[in-house]
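Trainee: I have a structure here, written as structure tokens, and I will follow up with some questions on it.
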Amino acid sequence: MRWFGVLLAAALVGCGGEKGPNGDLDGDGLTNEEEEALGLDPESADSDGDGLDDKIEIDWGSDPLNADSDGDGVPDADEYALGSDPNSEDSDGDGYLDAWEVAEGSDPADADSLIYEGGWPYNPDKADGPDDGVAYAVGEQFPRFKMKDQFGDKVDIYDFSGHGKYIVLDLSAQWCPPCQNLAAWLDNMNDDYEDALPGLRKQVRQEEVYWITVMGEADDGSDATKQTATQWYDDFPHKKVPVLADTSREVQAHMQVGYWPSIIVLNENMEIEVLQDDFWYDGPGFLQ
Ligand SMILES: [Ca+2]
Ligand SMILES: [Ca+2]
Ligand SMILES: [Ca+2]
Ligand SMILES: [Ca+2]
């Protein structure tokens, strides 16, 4: 009966130990049988080589055979470290995609951490614009200004490009009554401009048109500051309108402001479509 004993020992090694179905060749916590059923590599604890062991990915819900489960450009290992959802492009549902938040330094797993506190649009593929000093004429591209808004965020106006929307730039002074009336109309506090600009404020509210207010001067005529933007927002708390402070009067110089408010309409490529005169005297033709 000696031969039988040898066979039995061989069978035990074959069915048990590290190589058997219940074994764990790569020591990752998943049995070889489980790995085979899932199509994983039983000899590699990290089948897709993304830095996360198979068992961790199974428990967490990411795809152990894809280094970027949701294909959003943020690798699973990074999503794990960030605490974001490996199966959602916008983990916290705040409207800013994970990849954008990682690029801009906000927290993709915290809906209170935003690229722009105001929730302004963002364009990850925005082109470079010209510097200040370009011609101020219909068809010319508007310069790429960055200014602080009412929340203290530095806003790149080119983030409003590429969304298929017109952008109304309204350069106002805090002390100027027509500017205040315009802001009040925009925020539904009066109807002063409804005949001249029918339907426009509704389009702004529905984000079919972007409206950006640029504060050119404070209430005493001095340079606008971040405080000027904050005070304007306190007076006219429109949720869709960024209020930017033109602290060094760059935009004012560029727009060659002759009176307040001054208006420019840009298309999605940041080209000037409408100048002030068209806007006020012919109505907002760009809406039709
Ligand atoms: Ca294993
Ligand atoms: Ca992995
Ligand atoms: Ca991802
Ligand atoms: Ca987000």
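Trainee: Relative to the longest principal axis of the chain, what angle (0 to 90°, nearest 10) does the C-alpha long axis of helix 226-235 take?
Mentor: For 226-235 against the chain, the angle is about 80 degrees.
Trainee: Let me ask something else. Any lysines with Cα under 24 Å of the residue 55 Cα? List them, leaving off those in the same chain fewer than 8 positions away.
Mentor: Result set, ordered by chain and number: 19.
Trainee: Let me ask something else. How much length would be gained if the chain were fully extended between residue 43 and residue 269, taking 0.36 nm per residue of separation minus their Cα-Cα distance, in nm to one decimal?
Mentor: Details: separation 226, 0.36 × 226 = 81.36 nm, distance 5.27 nm.
This chain segment gains 76.1 nm when fully extended.
Trainee: Taking 0.36 nm per intervening residue step and subtracting the Cα-Cα distance, what contour gain separates residue 134 from residue 190 on full extension? Don't skip to the end; give the middle numbers.
Mentor: Values: separation 56, 0.36 × 56 = 20.16 nm, distance 3.63 nm.
Contour length minus the Cα-Cα distance gives 16.5 nm.
Trainee: Same structure, new question: Under a 1.4 Å probe, what is the accessible area of the chain per residue, stated in Å²? Can you show the working numbers first?
Mentor: Values: 14050 Å² over 288 residues.
Ligands and nucleic acids excluded, the result is 49 Å² per residue.
Trainee: In the Gaussian network model of the chain, springs joining C-alpha atoms below 10 Å, which of 276, 206, 174 carries the largest mean-square fluctuation?
Mentor: 206
Trainee: So, one more: I want the antiparallel fraction of DSSP beta bridges within the chain, as a percent rounded to 5. Each step should come with its number before you reach the end.
Mentor: Details: 12 of 23 bridges.
Once the DSSP bridges in the chain are tallied, antiparallel ones form about 50 percent.
Trainee: Just grab the label-to-label distance for residue 234 and residue 109, each label 7 Å out from Cα along the Cβ direction, in nm (one decimal).
Mentor: It works out to 3.7 nm between the two label points.
Trainee: Right, next: Please list, in order, the residues from segment 220-236 whose amide nitrogen is less than 16 Å from a point placed 7 Å along the Cα→Cβ vector of residue 250.
Mentor: 224-226
Trainee: Could you list, in their original order, any pairs among 148/202; 202/226; 165/240; 126/165; 154/202; 126/226 whose Cα atoms are separated by more than 22 Å?
Mentor: Listed pairs above 22 Å: 148/202; 202/226; 154/202; 126/226.
Trainee: Report Rg/Rh for the chain, rounded to two decimals, where Rg is the Cα radius of gyration and Rh the Kirkwood radius.
Mentor: 1.29
Trainee: In whole percent, how big is the carbon plus sulfur part of the accessible area of segment 25-181, probe 1.4 Å, protein atoms only? Display every interim value, and only then the final one.
Mentor: On the way: 3140 of 7130 Å².
Roughly 44 percent of what the probe reaches on segment 25-181 is carbon or sulfur.
Trainee: Return P(r) of segment 146-287 (all Cα-Cα pairs; 5 Å bins starting at 0; whole %; ordered from short to long distances).
Mentor: In order of increasing distance, the bins hold 2, 11, 21, 26, 23, 14, 4, 0 percent.
Trainee: Ignoring everything but the protein chains, give the 1.4 Å probe accessible area of residue 236 in square angstrom, nearest 10.
Mentor: 30 Å²
Trainee: Now for a separate question. Given the -39500 (n - 2.57) contribution per DSSP H run of 4+ residues, what per-residue ellipticity at 222 nm results for the chain, rounded to the nearest 500 deg cm²/dmol? Before the final figure, lay out the partial values.
Mentor: Working: 10 runs with 80 residues, N = 288.
Here the helix-only value at 222 nm equals -7500 deg cm²/dmol.
Trainee: Further, regarding this structure: For the chain, what is the charge dipole size about the Cα centre, in debye to the nearest 20, if Lys and Arg each add +1 at the Cβ and Asp and Glu each add -1 at the Cβ? Let's see the in-between values first.
Mentor: Details: 16 positive and 67 negative charges, 218 e Å.
With only Lys, Arg, Asp and Glu charged at Cβ, the dipole is about 1040 debye.
Trainee: Heavy atoms only, probe 1.4 Å: what % of the accessible area of segment 206-245 goes to carbon and sulfur, would you let me know? List each step's numbers first, then the result.
Mentor: On the way: 670 of 1630 Å².
Answer for segment 206-245: carbon and sulfur cover 41 percent of the accessible area.
Trainee: With springs connecting C-alpha atoms under 10 Å apart, model the chain as a Gaussian network and identify which of 267, 22, 87 has the largest mean-square fluctuation.
Mentor: 22
The values are calculated or read from the model by the stated rules, or taken from the named source; none is laboratory data. These figures come from a predicted structure and were not determined experimentally. So basically every Cβ, Gly included, is an ideal-geometry build from the backbone, and we count neighbours across all protein chains shown. Areas reflect the complete protein model, heavy atoms only, side chains present, ligands, DNA and RNA absent. Shrake-Rupley method; radii C 1.70, N 1.55, O 1.52, S 1.80 Å.
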